[in-house]
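Written out below as structure tokens is the structure these notes cover.
None of the figures in this text is laboratory data; all of them are computed from the coordinates on show. In this text the structure is predicted, and so the values were computed from the model without any measurement. Every residue, glycine among them, receives a Cβ derived from its backbone with ideal geometry; neighbour counts consider all protein chains shown.
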Amino acid sequence: MSTFIAPAIANIEDSELRQQLQQIIDLKTKPLGALGRLETLALQIGLIQGTTAPQIKQPQIRVFAADHGLAVHGTSAFPSAVTAQMVLNFLQGGAAINVLARQHNIELKVVDAGVATDFDPAHFESNPHLKNYPQLLDYKVRHGSRDALTEAAMTDEECVRALNNGMEVAKQLEGNLLIVGEMGIGNTSAASLLLARLGQLPIGNCIGRGTGLDDAGLLRKEQILTQVLQRHEDAITPFAALAALGGLEIAMMVGALIQAASQRQILLIDGFIATIALLVAEHLAPGVRQYAVFAHHSAEPGHEHLLQLLHATPLLHLHMRLGEGSGAALAYPLLQSACAIMNEMASFSDAGISEQNN
């Protein structure tokens, strides 16, 4: 049986550096704590990077795409064919994440983790609308996960391969900040199943309308997912749960997050799917959570429970539920601002301003 070996994750806590960072922040030309979350964000980035002058270099977005066998049961409002169609949309630069990545100058690439369609490289080379857009990275494990209602979504070997492939994607990254996005019709179901199992929550608390299910569709989704959990009641450990209930793109995201954390990169975490990947990553490689900045509060109902499990307070709450890494891309400028404050804002002594009375 294949096993996954996670790299060691360094503890970012350094009491001396924390004190230095806090002192620098406190001596900026402002009342103590006046910049609120921006101050704690600057401190966290400084601890992650091990410096009093944090900076973000060459931020990267990797959108992981895969299909889900469970989707044949109507757990999504869209057909599985949309996964491949959206991959082409990403490659043509037409999706929301493309727009936001261009706006904020973040490099975007798409990773085929397990799309049920084969993408012909010759098609990209001959198509003028595709060849100048981010390349598709082929890490396909198989053509979609299996139907989790009848068997494990992935064999142990496939799950290990997906995790390792995700680590390989992260090893190729330049820069020091990673956003993992996703595309996969049916992946809110997989995320809900993982949340229910790892968070020991009723499935009804973990599901939402996903891509837009009506009331009848939502009820059907709950019924199907309840049966899936019963079918895999013995899949209790984080790895077993991931293999039985998860998806190829989620597993690959888990691997990418673990590897990026081992490289002391900032993990800017998007919404529901990205956060469930972070939860699994933390279970498999304790310490990953320290590197995570939570971008936004998704409108998916399960995300609230997931954030509570991780003791996380997101930066934004915009009632979004798109995925793709879109919420993280929107939050990215706040991290830039936190670094700029540390490096460019004057101290009281620099500006010749009297400090506040103690």
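Things worth noting here:
- Folded to 0 to 90 degrees: helix 326-344 orientation relative to the chain principal axis, Cα: 20
- One decimal place: the segment VAL72-ASN357 gains 96.0 nm when fully extended, by the rule 0.36 nm per residue minus the C-alpha distance.
- Going from the fewest other Cβ atoms within 10 Å to the most, the residues HIS297, HIS123, HIS311 appear in the order HIS311, HIS123, HIS297.
- Environment charge of GLY208, counting only residues whose C-beta is closer than 13 Å and scoring Lys/Arg +1, Asp/Glu -1: -2
- In a DSSP loop and with at most 15 other Cβ atoms within 10 Å, the GluC sites (Glu not before Pro) in the stretch 284-358 are GLU355.
- At an R0 of 30 angstrom, the distance between the Cβ atoms of ALA346 and ARG18 translates into a FRET efficiency of 0.85.
- Here the chain carries DSSP beta bridges of which approximately 5% are antiparallel, counting only pairs with both residues inside.
- Rough spin-label spacing in nm, given labels placed 7 Å along Cα→Cβ, for ARG37 and HIS143: 4.4
- The relative contact order of the chain comes to 25 percent, based on Cα pairs under 8 Å that sit 6 or more residues apart.
- With Cα atoms, 0 to 90° folded angle of helix 156-171 axis to the chain main axis: 30
- Computed from the alpha carbon positions, the gyration tensor of the stretch 33-115 leads to an equivalent ellipsoid with semi-axes of 36, 16, 13 Å, biggest first.
- For the chain, the spherically averaged projection of the C-alpha convex hull amounts to 18.6 nm².
- FRET efficiency for the pair LEU334 and LYS171, taken as 1/(1 + (r/R0)^6) with r the Cβ-Cβ distance and R0 = 30 Å, rounds to 0.65.
- Distance between modelled label sites at ASP26 and ASP214, nm, 7 Å Cα→Cβ extension: 6.0
- Compared with the dominant Cα axis of the chain, that is its longest principal axis, helix 15-26 is turned about 70°.
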